[in-house]
1. When residue 88 is evaluated against the numbered criteria (1) at pLDDT 95 or above; (2) closer than 30 Å to residue 280 by Cβ, which criterion, by number, is the only one it fails?
2. Among the numbered conditions (1) crowded, with 22+ Cβ neighbours inside 10 Å; (2) away from ligand 1 (no atom under 14 Å from the Cβ); (3) under 27 Å from residue 526 (Cα atoms); (4) not basic (Lys, Arg), tell me where residue 101 comes up short.
3. If a residue counts only when it is over 24 Å from residue 335 (Cβ atoms) and more than 24 Å from the chain's Cα centre (by Cα), which strands (runs of 3 or more DSSP E) contained entirely in the stretch 395-479 have at least 2 such residues?
4. Every residue in the stretch 636-650 that is within 13 Å of ligand 1 (Cβ to nearest atom) and open to solvent by 10 Å² or more (accessible area, probe 1.4 Å), please.
5. Kindly establish whether residue 18 is at pLDDT below 95, open to solvent by less than 30 Å² (accessible area, probe 1.4 Å) and out of contact with any Ser or Thr (no Cβ under 8 Å at 6 or more places or on another chain).
6. When you scan the stretch 604-622, how many residues do you find that are within 14 Å of ligand 1 (Cβ to nearest atom), over 24 Å from the mean Cα position of the chain (by Cα) and either among the β-branched types (Val, Ile, Thr) or closer than 20 Å to residue 555 by Cβ (or both)?
7. Looking at residue 347, is it more than 30 Å from residue 136 (Cα to Cα) and within 16 Å of ligand 1 (Cβ to nearest atom)?
8. Which one is most open to solvent (accessible area, probe 1.4 Å) among residues in the stretch 144-201 that are charged (D, E, K, R) and away from ligand 2 (no atom under 16 Å from the Cβ)?
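The values are calculated or read from the model by the stated rules, or taken from the named source; none is laboratory data. The structure displayed is predicted, hence computed values, not measured ones. Glycine gets a Cβ as well: all are built from the backbone with ideal geometry, and neighbour counts include every protein chain shown. The accessibility values were calculated without ligands, DNA or RNA, using every heavy atom of the protein model including side chains. Shrake-Rupley method; radii C 1.70, N 1.55, O 1.52, S 1.80 Å.
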Amino acid sequence: MTLDGAQVTPREFPTNRGGLCQKGWTSGALLTNPMRLTKPLLHGNPVSWDTALDFVAERIQGIQEEHGRDGMAVFGGGGLTNEKAYALGKFARVALRTSQIDYNGRFCMSSAAAAGNKAFGVDRGMPFPVTDLDDADVILLVGANPAETMPPFMQHVKSGLIVVDPRRTATAERAMLHLKPAPGTDLALALGILHSVFSEGYAEHSYIEHRTQGFADAWRIAAKWWPERVERVTGVSATDQRAVARMLAKAKNAYILTARGTEQHASGTDTVSAWINLALALGLPGRPGSGYGCLTGQGNGQGGREHGQKADQLPGYRRIDDPQAREYVAGVWGVDPDSLPGPGRSAYELLDALGRPDGPKGLLVFGSNPVVSAPRARHVTDRLKALDLLVVADFVPNETTALADVVLPVTQWAEEEGTLTNLEGRVLHRRPALLPPPEVRSDLEVLQELATRLGTPAKAFPTIPEEVFDELARASRGGIADYSGITYARLRDGEALHWPVPSTQHPGTPRLFTEAFAHPDGRARFVPVDHKGPAEAPDEDFPLYATTGRVLAHYQSGAQTRRIDELVKAAPESYVEVHPDTAERAGLTEGDMAKVESRRGEVQARVRCVSSMRPDTVFLPFHFPGANSANRLTNPALDPVSRMPEFKVCAVRLAPWGDS
Ligand SMILES: Nc1nc2c(c(=O)[nH]1)N[C@H]1C(S)=C(S)[C@@H](COP(=O)(O)OP(=O)(O)OC[C@H]3O[C@@H](n4cnc5c(=O)[nH]c(N)nc54)[C@H](O)[C@@H]3O)O[C@H]1N2
Ligand SMILES: Nc1nc2c(c(=O)[nH]1)N[C@H]1C(S)=C(S)[C@@H](COP(=O)(O)OP(=O)(O)OC[C@H]3O[C@@H](n4cnc5c(=O)[nH]c(N)nc54)[C@H](O)[C@@H]3O)O[C@H]1N2
Ligand SMILES: [Mo]
């Protein structure tokens, strides 16, 4: 993207072909938005930077003296540049020396990351350039609605689209086949399709033998899931399951792609594993023109999880409990490896622990709005209120800054230099296009100012993005996500660099797995997984499934898009999509105000009757705050591996608003 004043115009780029979605076109409007934060706020009052930063540093010291290092916590975001994500992770481990850091990416792609690591030994969302999809005969999209969430991506989907989604989405409208499983039953569906592939003789036996391990154990489970049994659990007909098996098997080039609909479940990691198992049985991963991939989320969804803002991680996608990784990174940072904290709590567990006797008493937030976006949102709000110190760095006010003791106004994307790593593992360099408002500082400057006040030398926290990147590249050397051969100079020259890039002569790695997978023996792993179903199934009291997700006009917690008139007009208020018969049974009709209730709370939402909805399922967008916040309903049941919450299924009931 380039900026011309506040007019945003798309740049030619292979992944978007000069296209830009509605949010991109209107993002210029935000740059001049009068809501922009321009002065530090202390308890709601404008103060100087020194006053704000001195206050924060003193409170941090007080809290850590009384409660220990882990008395302070940090919450980051997948929208931060690579440089900021790296600096934030280092700040937590070196300046605060706390183990308590995690980020909103835990809510986003962590189940696919965990499943990718298990199967392939490495997690890069798409191990191939997205333009490879252009030549596919069949693309199976599971739990993804890119027609609304990534419109430019749809240009790569030419024909042969199969969609798995409980709702008939804008994406499903473009599919040749749409399967509509009940929310939370995908794993059974993947087993049914795998069963068909094997029993109809479509499995790629030579690939399974030479390139993989563990098929027999995975098959032992899939053998029990014949399509008719799967039909009873999912509602997808056996005929459709067999049709998908056949279409995938007969295609010359086929891809299986997953997104949040697959992942945001208490068994999200296993569910992604089940779809990867299917891809492996068909011999897709690592075969040119075919493969498995995960669609990315936030602006820096991929890079955000590589540089150490995750509780269990050090830069270069290293594990924080790996002694060699600790020693190497401590060397780059010039600290004693023993001084580095161990792994901390995952995002929801961290939010849930705030203000408790054994939990953190202070929190710094950079790049997230958990009051709206975290599961069981009312409870999370209570935990945030129980803190002794809440500090939020942002460029617009939101529901979380509203609770903060201190709000720090920072620069935003168009005003600063930095890098992002896109869904294909390609590192992109962004130039600043606008001057920031005079009193605003960058996140990197804020971290340096706080670090020096806490007694860490300023040079440990450079404020020039290129210097941070050079250090990040060194810290990543030899890690899985190896950036050590990437420099700003190469990126400015327009080189297309996909990690790993282990030396400055290395051309990057656009396609992984063509020769070998990243496990020591070079083979991919089938992971034996079985269907469990959602953590909270509908029952007599709460008879419906609720699922949540996104709409075209709004972005995330809405902190940015709810302030843009054009987008507010396109989607002014929260709503609930419901089958007309289900609405009628609840005494509701199109346009009525409904009360949607779960065991955790209630939400007010306008009824939209949609005849293609499953009668047992309602859908709510999660972009709205307060009484309209879908996350007042959601269940924080966590996936045991990725610790991702079950945003995509909970049990609810429906009634007219105002009924008791
Ligand atoms: N307009 C817009 N675009 C965005 C964003 C935004 O907020 N607004 N956010 C960005 C981010 S951070 C992300 S992570 C991506 C997310 O992009 P997507 O994953 O495409 O978006 P979602 O709407 O969360 O979920 C996708 C679909 O999953 C379906 N689903 C629900 N439950 C199930 C289930 O059990 N099984 C299956 N198979 N499907 C299910 C929902 O009906 C929904 O249509 O979008 C990015 N792009
Ligand atoms: N029910 C339900 N809940 C969900 C989901 C769902 O599908 N259903 N999806 C989940 C997913 S996938 C995601 S990614 C999360 C997202 O939800 P959040 O983590 O709340 O993300 P955003 O709404 O993007 O909030 C980001 C905030 O950071 C600020 N910000 C952006 N860039 C920067 C920066 O560079 N520096 C600083 N300091 N601030 C910045 C923005 O202005 C904004 O206020 O929501 C999750 N919650
Ligand atoms: Mo996301």
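1. (2)
2. Failed condition: (3).
3. Values: elements: 406-409, 418-421, 426-430.
Because the criterion is at least 2 residues that are over 24 Å from residue 335 (Cβ atoms) and more than 24 Å from the chain's Cα centre (by Cα), the strands (runs of 3 or more DSSP E) in the stretch 395-479 that meet it are 406-409.
4. 647, 648
5. Numbers: at pLDDT below 95: yes; open to solvent by less than 30 Å² (accessible area, probe 1.4 Å): yes; out of contact with any Ser or Thr (no Cβ under 8 Å at 6 or more places or on another chain): yes.
The answer is yes for residue 18.
6. 1
7. So residue 347 passes the test.
8. Filtering the stretch 144-201 for residues charged (D, E, K, R) gives 148, 158, 165, 167-168, 173-174, 180, 186, 200.
Okay, now just the ones that are also away from ligand 2 (no atom under 16 Å from the Cβ), so 158, 168, 173-174, 180, 200.
Values: 158: 117, 168: 97, 173: 113, 174: 136, 180: 63, 200: 85 Å².
Step by step, filter the stretch 144-201, then rank; the result is 174.
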